[in-house]
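What follows draws every value from the coordinates through simple rules; no lab data is involved. Note that the structure is a prediction, hence the values are computed from the model and not measured. Virtual Cβ from ideal backbone geometry, glycine too; neighbours counted across all protein chains shown.
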Amino acid sequence: MIIIICGTSSSGKSSVCEALKSKLGDPWLLFATDGYLSMLGNKFLGLHPDNKDVTVPNDICYAEKHGDGTFEIILGELCSKLYLTIPNVLKLLSEQGFNIILDSFITIKDEFESYKDMLKKFDPHFFYLHASENIIQDREEKRGDRLKGSAIHWLKRFNFQNDCDLIVNTELVSTNEACDLILSHLKKQGVALRS
């Protein structure tokens, strides 16, 4: 089984994924998309405010600075190629009997449909974590490790959230409550949570 957590940066994905992993235990794997893509090295890992070269175009990823002082992350060819391998990696892990919690970067409906189709044999369930632009901006600023506005630029591209199993508003619930809502929804759907 695969639990796929979607949402923009600072929506609470990583925290909810970690809480799910903690509650579900072994043999559940926590697959963090940013961790996987970090194999590309410093140009991927360097997407933060202290990097003076963050706007220099390259084959991995960089940020485009907008007139309002915000940044939009641009994926280079190598990052895009590696990103496209993720459904196949998830499929391979599932074929080996692992249950997976995915902290995903799925953004547009085409990606959503591709994951859904490629992973249908492994019972994928998609959950979208929502928060308003103001809350996302506040969280992004408090974190201090994100490029200003990058989460909002990403948020504006989402177009599949209504196709997810459940939308969880992380403004209204804590991390543990979000986790419990997801697990409760799965149980109501008759999903056996293997452990």
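General remarks:
- A simple spin-label model places the labels of Asp117 and Asn42 4.0 nm from each other, with each point 7 Å out along Cα-to-Cβ.
- Our coupling estimate for segment 35-48, obtained by passing each phi through the Karplus curve with A = 6.51, B = -1.76, C = 1.60 and θ = phi - 60°, is x, 5, 5, 5, 4, 6, x, 4, 5, 7, 5, x, 7, 9 Hz, Gly and Pro reported as x.
- Segment Asp68-Thr175, extension gain: residue separation times 0.36 nm, minus the distance between their alpha carbons: 35.3 nm
- Fully extended contour minus Cα-Cα distance, from Val191 to Glu77, at 0.36 nm per residue: 37.3 nm
- Degrees separating the helix 86-95 axis from the principal Cα axis of the chain, which is the longest one: 20
- Taking Lys and Arg as +1 and Asp and Glu as -1, the other residues whose beta-carbon sits under 12 Å from that of Lys120 total 0.
- Rounded, prolate or oblate (a/c below 1.5 giving rounded, otherwise prolate when a/b exceeds b/c) for segment 14-111 by Cα gyration tensor: prolate
- Karplus-derived HN-Hα couplings along segment 141-149 (A = 6.51, B = -1.76, C = 1.60, θ = phi - 60°), whole Hz, x at Gly and Pro: 5, 5, 5, x, 10, 10, 6, 3, x
- Count Lys and Arg as plus one, Asp and Glu as minus one, and take only other residues whose Cβ is under 10 Å from that of Lys65; the net charge is then -2.
- Simple label model, 7 Å out from Cα along Cβ direction - Ile135 to Ile167, nm: 1.2
- Charge sum, other residues only, whose C-beta stays under 11 Å from Lys109's C-beta, Lys/Arg counted +1 and Asp/Glu -1: -2
- Computed over the chain, the ratio Rg/Rh where both radii use C-alpha atoms and Rh is Kirkwood: 0.96
- Taking amide H atoms as placed 1.01 Å from N in the peptide plane, the amide H of Cys61 lies under 5 Å from those of Gly76, each 5 or more residues away in sequence or on another chain.
- In plain terms, the chain from Ser184 to Ser22 could stretch by 56.8 nm, reckoned as 0.36 nm per residue minus the Cα-Cα distance.
- The chain, relative contact order [Cα under 8 Å, separation at least 6], %: 34
- Degrees separating the helix 13-24 axis from the principal Cα axis of the chain, which is the longest one: 30
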